[in-house]
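Data block below; observations after.
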Amino acid sequence: MLVIVRGAGDLATGVIVRLYNSGFKILALETEKPSAIRRTISFSESIYKGIQVVEDIVGKKVDTIDEIYNCWNNFEIPIVIDPEGKWIKNLKPEVVVDAILAKKNLGTNKNMGLLTIGLGPGFEAGIDVDVVIETMRGHRLGQIINRGKAKLNTGVPGEINGVSKERVIYAKETGIFKSCKSIGDLIRKNEIIAHINEVEVKSEIAGVLRGIIPENYFVKNGLKIADIDPRIEETENCNIISDKGRALGGSVLEVILKYIIEGERKNGNKYFRKNI
């Protein structure tokens, strides 16, 4: 069974790893210039580096169908530049997962696969996609929604050790991003971590620099550019998938398995069929 995942940032990578480890064949679609900040655990980084390894799984930037099949034969994750979803039409996957986390629908629809799943706000289950997964931290994180929508984006990051909005840094200028620090560095409060043009970007808290946008990225005012984890004793978190990524991956896996089982019960087929 082929699952195409739109997006390969850190949360999408959590979904990809969960499905890969469960035996599914995966293709990930990305933009030409991904803006993920948790780059050490994002397969989207392969767009810049060619290869990205996350928890011993290899993601590789590819361009052709032969390269895609080579990745599958080598038990690797192929990543292609395809923000429009052209490869979905070409390969006709059984499952399409929109894990872009754009807080809006960037073109995913129910006709893209036998099963379509949207993560977070911007989708309505039963209308845009078959199933929506809740992405907001809290009691409902990972909730499977068969009718309706996920909660609207509050614009307030989830709390870690009592710290919420202060741990995430947003661009206050538009221009070229130049970093002074690397992911995994220990950061002091009010320390300069980067420049946008000639304007200093400072941290609001002390902690571990868990994520930062790629060097020389053209950022727009308001774009998320860095993430500081106040738990300075947990630097290893920079190199492992987050609890949120694993939760979302588990929910996506549950949805797919449920549809497979229901298809076998109702139709006697190897794969499910959508009720039309």
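Here is how the numbers come out for the structure above:
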{"item": "Mean separation of Cα contacts under 8 Å, 6 or more apart, over the residue count of the range 124-208: relative contact order %", "result": "19 percent"}
{"item": "Cα convex hull of the range 165-230, projected area averaged across orientations, nm²", "result": "3.5 nm²"}
{"item": "Set of lysines near Lys149 by C-alpha distance (under 18 Å), chain-local residues within fewer than 8 positions excluded", "result": "Lys103, Lys104, Lys110"}
{"item": "For the chain, built as a Gaussian network whose Cα springs stay under 10 Å, the top-fluctuating residue of Val80, Val58, Val97", "result": "Val58"}
{"item": "For Val5, residues with placed amide H under 5 Å, excluding near neighbours", "result": "Leu27, Ala28, Leu29, Val97"}
{"item": "Size of electric dipole in the chain: Cβ of Lys, Arg +1 and of Asp, Glu -1, about Cα centre, debye, nearest 20", "result": "860 debye"}
{"item": "Other-chain or far-sequence residues with amide H under 5 Å of Val129's (modelled H)", "result": "Glu124"}
{"item": "The chain - percent relative contact order, Cα under 8 Å, separation 6 or more", "result": "18 percent"}
{"item": "Listed residues Gly222, Gly120, Gly184, most fluctuating in the chain (Gaussian network, C-alpha, under 10 Å)", "result": "Gly222"}
{"item": "Residue with peak Gaussian network fluctuation, the chain [Cα springs, cutoff 10 Å], from Asp98, Asp63, Asp128", "result": "Asp63"}
{"item": "Cα-based Lys pair tally, the range 165-230, threshold under 12 Å, eight or more apart or on separate chains", "result": "6"}
{"item": "Alpha-carbon spread of the chain, three principal axes, descending order, Å", "result": "61, 41, 33"}
{"item": "Whole-number percent relative contact order across the range 165-230, with pairs defined as alpha carbons under 8 Å at least 6 apart", "result": "44 percent"}
{"item": "Charge tally in the Cβ shell below 12 Å around Asp185, where Lys, Arg are +1 and Asp, Glu are -1, Asp185 excluded", "result": "+1"}
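Read the figures in this text as sums done on the coordinates, not as results from a lab. Bear in mind that the values here come from a model prediction, so they are computed numbers and not experimental data. Glycine gets a Cβ as well: all are built from the backbone with ideal geometry, and neighbour counts include every protein chain shown.
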